[in-house]
Structure formats: structure tokens, C-alpha cells
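**Student:** Before we start, here is the structure in question, set down as C-alpha cells.
We did not get these values from a lab; they are worked out from the coordinates using the rules stated. In this text the structure is predicted, and so the values were computed from the model without any measurement. Every residue, glycine as well, gets a Cβ built from its backbone with ideal geometry; the counts of neighbours run over all protein chains shown.
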Amino acid sequence: MIALALLAACTTEVPEQRTPDAVDLLGGSEVLLITPAALEEAWQPWVDWKNARGLPTAMITVEELDASEQGEDLAARIRAGLQRYAAQGTRFVVLGADAPLIPTREVSLWADAHLDDGYLVETFASELYYADLDGDWDSDGDGVYGEPEDAMDLMPDLVVSRLPARSSDQVSGFVDKVFAYERWPLTDYQDRALLMGEWAGTFSGFDFYSSSAQEALILPHLPSDFEVTRLYEQYDQYEGALDNTRQTQKDAFNRGQGFVLNFGHGSASTLSNLSLDDLWQLDNTDRPMLLATVECFGCAFDDPSPDHVACEAFVLAEGGGVAYLGNTTYGIGFPSLTDFYILFVEGLYEGLEDGPIASTFGEAMVDTQRAFPTAETLAAEGHTDRWTQMALVMVGDPTVEPWLGTPTALSLEEDAEGCWKVRADDQPAEGVSVTLYGPGEVQWRSETGADGVACTGTHPQATSVTAWRRGAVPAERTL
């Protein structure tokens, strides 16, 4: 007993003391993950990592929302929960399972696509239902959602993405890929971009090739020091371009690209010239990509056949990528999606209207959705902007930050009790967020000044400290 008393007297517990400069983030939900209870455990490492790097992230199950919210069906009850979380500051939502585990909302639209073969008429899943929180999307009560008379503005209030997983193994594989992209990345591919173009269609009797749009409208917005691979059907008309074939696409994907933009065709079972088997067998496992595309039906994730469509294979395969932006139905490449992607790429690498560059891939999508149409075009039945706004969908992780070039590496060491020194390229690193984290106990974030020092304070339940800055490989210490 005496020995135990002496041991207790000699044991010094780290005190709980937050510094004035540190922000207490515990309990926040800037990011909300919704998942079936069966997948909750598989998602936990992703939630812990986002919190550890200073992005407040909460997880709630579909079953909890189903029991606590009001609405005519499960989709409406989930949306009611999103309205509540958005009012509390949530900005990002990840729907962490495939349909029907997390249901879709079907809309019926027609559009004058300016094609020689007439109008488009389709019923398709629109994830904008979960992002645009105005009204209930069926104000006239006729059971048809998303009509002009249903009084939605079609402007997203949240950044919404889906991980179309059906098993814990699929979730775990995707989480590993996110870690490979932003936590422990290789640093030899982030300054690569891939542009793909081909015959797009016939307009007023003339054949149109999207290669010209890539060259004139997209390429000038990419960073000048990027290594850009251009795969075009009319490759011989553009110096340095390569033929846009299945093999050249496989080679480019397997090499790893920081960003891919496809101005070409596809389907539920193809991504441009790549088959589903090609996508499942991509071997860029350590170099995950971000991809955007105009192609039709590439992300019709509510389609029961095939088992997984192209966008799902892209994010669920060992290779492929961590985020995909495309369409659940026909993609109207011209004019609406061309206008959309000019602004999207500008927002990624230059900033929209001289504003800051988009912080995340998901924010780039939503910023562009808010910028490219007008209230009049969104309200006009049959307008291609209305169709495009409701057909666009993102799968994967909307919070990942697009790389702007080759990453620098951060180092992290204790400077004084509760303070941390961060360096990059052997120099003090300014503007780095440093987060002291212990799951469910502490999440204190501070930022380094010109001396590279940030003070968070100390907490007995802290398990890690992480230094994070865009464009850098993060530094972590286990406590």
C-alpha cells in the first residue's frame, strides 16, 4: 500500500490547459458522414483522421436519422436531418453507402439539348435533393419531385458526395486510398494532368470534336508548370497530343494523374474507352486521382445493372481515384457542361472571378454550380442548365484538396510544453494548422506564425498532434 501511494505521488499527469490562441473544435460537425450502422466501424478511421487533421467531422447512422426525423420516406427524413445539421454549421455531407442503403430521390425532366436527334426526356437520381435544402421538392404534393412549380432554387446549400459502398471491405479499401492521397502520399505525380477529347456529336449538320474545347478553353487554366498529357481523337492536329485509345488511356491512368478531365463519351459500363474490368484492374494504387467528366450515365449509381457502374468502380477499385464528378444520366456537353467545366477548372487552379482557389474538390463543384447558371435558366423548364444542375453528382471524398503541384514535406517537433514547431524545406512554416486530438475528448487547433510555432496547450487524453497545410505532406506525432 505504501509503495502504491508513493507511485501515485510521483506520477505526473499532463494537465488540461488550452492556450488562448487555440480553437476548441470538439463536438463540431463541419463534415457529416451518414452511414448504415453495419458500415460504421469501417468508416471510423476516416472520421478519426479528418478530426485529427483539424476538420471537425461527425458520424451518424441512417437508422438514427430514420428514427429521429420526420418525413414521408427515408430520403425525406435524411434530408430533414441535413437541414438541422446545416443550421448548426455543417458544410460537407458524405452519404457513406450505395443506393438503396441510402436512398436516392428520382426526378423527371426534359431538356432541349440542341442535338439533331431532338429532346431528352429522362427519370434519374438527383443528389441535388440532399444539397439544395429549400422546401421539400414537392410543394404541389403530386409526388413528382423537382418540378419548376416545386419552389426550389436548385442552388446547393451543402457539398454532398456519396461513397457507393455495399460492404465494410469496400469502405476500408476506399479509406486506405484517401490516406494514400492526402495522409501518406507519394510526391511524384501531383503536377500531372490528363485531358481527353473525341468526336462529341453533330450540331446543325456539323461534326463537333471536344479536343478543340480542351485546347482553347481548359488547357490555358491549368498551371503552366503542369505536365499535361492530351489524348485526342484528332491528335494529329495538335502538336504533342497522343491518340485517344483504350491503351493510351490505360497507360495514363496507371501512371497516376493529379487531375483528369474527359470531354468525351461513356456509359454506365465504360469510362471513355475503359471497360469496367479495366477500371477494376487499374494499378495506380499509390497515386490516386481526381476525375471529372461530361460523359453520359457514367455515374448512374442507382442503375441495378451492372453491379457497379463506372464511377463506382473508379472510387472503389484499388487503383482509380478518391473523387469523381460526372452525371447520373445524359451529360449535355454543349453548352451547359462546357460552361460548367471552364469555370470549374478556373476555380480549381486560379479562383473564380479573381477570388481564392477552391479549397476542396467538393467546394469547386458547388462554387461552380452557384456560378455558371442564372436563376432564370434554372427555373426554365427544358433548359439545359436546369438538367445539368440536377444531373451532376460527385462520388468519393468531397473534402480532399486538389494538389497544385509537387508537395512539400512538413516536420513537427515539440517546441515547449503545449507548443509545436513546424518546418518546411528546413525553414519555419507559417500558416500551418496544428491540431491536438483525442477521440471524443479533445480537438484543439492553432496556427503557426512566422516563427513556425503554434501552441495548442496540453490535455491528458490527447493521442496525437497533426500539422496540416494545403500543398504539403502532413506531419503527425503520436502522444
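**Student:** Sort the following peptides by mean Cβ neighbour count (other Cβ atoms within 10 Å, averaged over residues), highest first: 371-379, 336-344. Working shown, then result.
**Tutor:** Numbers: 371-379: 15.6, 336-344: 22.3.
Highest to lowest by the protection proxy: 336-344, 371-379.
**Student:** Using mean Cβ contacts within 10 Å as the protection proxy, how do 460-472, 254-266, 321-333 order, highest first? Show your work: numbers first, answer last.
**Tutor:** On the way: 460-472: 18.9, 254-266: 23.3, 321-333: 26.2.
In descending order of packing, they fall as 321-333, 254-266, 460-472.
**Student:** Under 5 Å between amide H atoms, partner at least 5 residues away or on a different chain: which partners does N244 have, H built in plane at 1.01 Å?
**Tutor:** Excluding prolines and chain starts, which carry no amide H, the hits are Y232, E233, Y235.
**Student:** Here is a follow-up. Using 7 Å Cα-to-Cβ label points, what is the Q44/F179 separation (nm, one decimal)?
**Tutor:** The modelled label-to-label distance comes out at 1.4 nm.
**Student:** State the Kirkwood hydrodynamic radius of the chain in Å, one decimal place, computed from all pairs of distinct Cα atoms. Display every interim value, and only then the final one.
**Tutor:** Values: mean 1/r = 0.0426 Å⁻¹.
The answer is 23.5 Å.
**Student:** From the phi of every residue in the stretch 352-366, what ³J(HN,Hα) in whole Hz does the Karplus formula 6.51 cos²θ - 1.76 cosθ + 1.60 yield, where θ is phi - 60° and glycine or proline is x?
**Tutor:** 6, 6, 6, x, x, 5, 4, 6, 9, 5, x, 5, 4, 4, 5
**Student:** Sequence-distant or interchain residues sharing an amide H contact under 5 Å with R162, placed H: which?
**Tutor:** Result for R162 returns L95, M394, V395, G396.
**Student:** Between D66 and W199, what FRET efficiency follows from the Cβ-Cβ distance if R0 is 56 Å, with the result rounded to 0.05?
**Tutor:** Values: r = 47 Å, r/R0 = 0.83.
That gives a FRET efficiency of 0.75.
**Student:** A further question follows. Apply the Karplus curve 6.51 cos²θ - 1.76 cosθ + 1.60, θ = phi - 60°, to the phi angles in the stretch 196-212 and return the couplings in whole Hz, x for Gly and Pro.
**Tutor:** For the stretch 196-212, the Karplus-derived couplings read 10, x, 7, 4, 9, x, 10, 10, 6, x, 10, 6, 10, 10, 6, 4, 5 Hz, x marking Gly and Pro.
**Student:** Can you compute the FRET efficiency between E227 and D140 using 1/(1 + (r/R0)^6), with r the Cβ-Cβ distance and R0 = 41 Å? Round to the nearest 0.05. All intermediate terms of the calculation are to be shown ahead of the outcome.
**Tutor:** Numbers: r = 53 Å, r/R0 = 1.28.
About 0.20, to the nearest 0.05.
**Student:** Sorted from largest to smallest, which semi-axis lengths in Å does the alpha carbon gyration tensor of the stretch 222-379 give for its equivalent ellipsoid, taking the root of 5 times each eigenvalue?
**Tutor:** Numbers: eigenvalues 117, 80, 51 Å².
Over the Cα atoms of the stretch 222-379, the semi-axes work out to 24, 20, 16 Å.
**Student:** Under a crude label model (7 Å from the Cα following the beta-carbon direction), how far is Q461 from A37 in nanometres?
**Tutor:** Label at Q461, label at A37, 2.4 nm between them.
**Student:** While we're looking at this one, here's another question. Determine, for each peptide in 130-141, 426-437, the mean count of other beta carbons within 10 angstrom over its residues, then list the peptides with the highest first.
**Tutor:** Working: 130-141: 17.2, 426-437: 20.2.
Descending mean neighbour count gives 426-437, 130-141.
**Student:** So, one more: With bins 10 Å wide starting at 0, give me the P(r) of the stretch 409-478 over every alpha carbon pair, in whole percents.
**Tutor:** Binned Cα distances yield the sequence 24, 58, 17, 1.
**Student:** By counting other Cβ atoms within 10 Å of each Cβ, how are C455, C419 ranked from fewest to most?
**Tutor:** Details: C455 22, C419 17.
Ordered from fewest to most neighbouring Cβ atoms within 10 Å, C455, C419 come out as C419, C455.
**Student:** What's the FRET efficiency of T406 with A371 using the Cβ-Cβ distance as r and R₀ = 45 Å, to the nearest 0.05? Kindly include the intermediate steps, with their values, before the conclusion.
**Tutor:** On the way: r = 29 Å, r/R0 = 0.65.
So the FRET efficiency works out to roughly 0.95.
**Student:** Turning to a different aspect of this structure: Under a crude label model (7 Å from the Cα following the beta-carbon direction), how far is D354 from A151 in nanometres?
**Tutor:** Result: 3.9 nm between the two label points.
**Student:** Still on this structure, I have one more. Work out how much length A450 to E413 would gain on full extension: take 0.36 nm times their residue separation and subtract the Cα-Cα distance, in nm to one decimal.
**Tutor:** Values: separation 37, 0.36 × 37 = 13.32 nm, distance 1.60 nm.
Net length gain for the segment: 11.7 nm.
**Student:** List the residues whose amide H sits under 5 Å from the amide H of V473, counting only those 5 or more places along or on another chain, with H placed 1.01 Å from N in the peptide plane.
**Tutor:** T408, A409, L410
**Student:** When the Karplus curve 6.51 cos²θ - 1.76 cosθ + 1.60 is applied with θ = phi - 60°, which whole-Hz ³J(HN,Hα) does each residue of the stretch 373-380 get, with x for Gly and Pro?
**Tutor:** Karplus values, whole Hz, x for Gly and Pro: x, 10, 4, 5, 5, 6, 7, 7.
**Student:** What is the gain in length, in nm to one decimal, between E122 and E16 on full extension, counting 0.36 nm per residue of separation less the C-alpha to C-alpha distance?
**Tutor:** 32.3 nm
**Student:** Using unit Cβ charges (K, R positive; D, E negative) and no other charged atoms, how large, in debye to the nearest 20, is the dipole of the stretch 409-478 about its Cα centre? All intermediate terms of the calculation are to be shown ahead of the outcome.
**Tutor:** Working: 6 positive and 11 negative charges, 51 e Å.
It comes to approximately 240 debye.
**Student:** Order of R183, R287, R84 from fewest to most other C-beta atoms within 10 Å? Don't jump to the answer; show the numbers that get you there.
**Tutor:** Values: R183 17, R287 22, R84 13.
Arranged by neighbour count, lowest to highest, R183, R287, R84 become R84, R183, R287.
**Student:** Give the separation of the Cα centroids, the stretch 267-292 to the stretch 430-479, in Å.
**Tutor:** Each part's Cα centre sits 35 Å from the other's.
**Student:** Quick check: the distance between the Cα centres of the stretch 341-390 and the stretch 175-211, to the nearest angstrom?
**Tutor:** 18
**Student:** Which residue, S359, G405, Y349, has the largest displacement toward the positive end of the dipole of the chain when charges sit on each Cβ (Lys, Arg +1; Asp, Glu -1)?
**Tutor:** The listed residue farthest towards the positive side: G405.
**Student:** For E363, E239, E441, what ranking results if the residue with the fewest other Cβ atoms within 10 Å of its Cβ goes first? Don't skip to the end; give the middle numbers.
**Tutor:** On the way: E363 20, E239 7, E441 13.
Placing the least packed residue first, the sequence is E239, E441, E363.
**Student:** Give, in whole angstrom and from largest to smallest, the semi-axes √(5λ) of the equivalent ellipsoid of the stretch 122-201, with λ running over the eigenvalues of the Cα gyration tensor. Can you show the working numbers first?
**Tutor:** Values: eigenvalues 255, 79, 38 Å².
Values for the stretch 122-201, descending: 36, 20, 14 Å.
**Student:** As a test, work out the antiparallel percent of DSSP beta bridges whose residues both lie in the chain, rounded to the nearest 5.
**Tutor:** Numbers: 49 of 87 bridges.
The answer is about 55 percent antiparallel.
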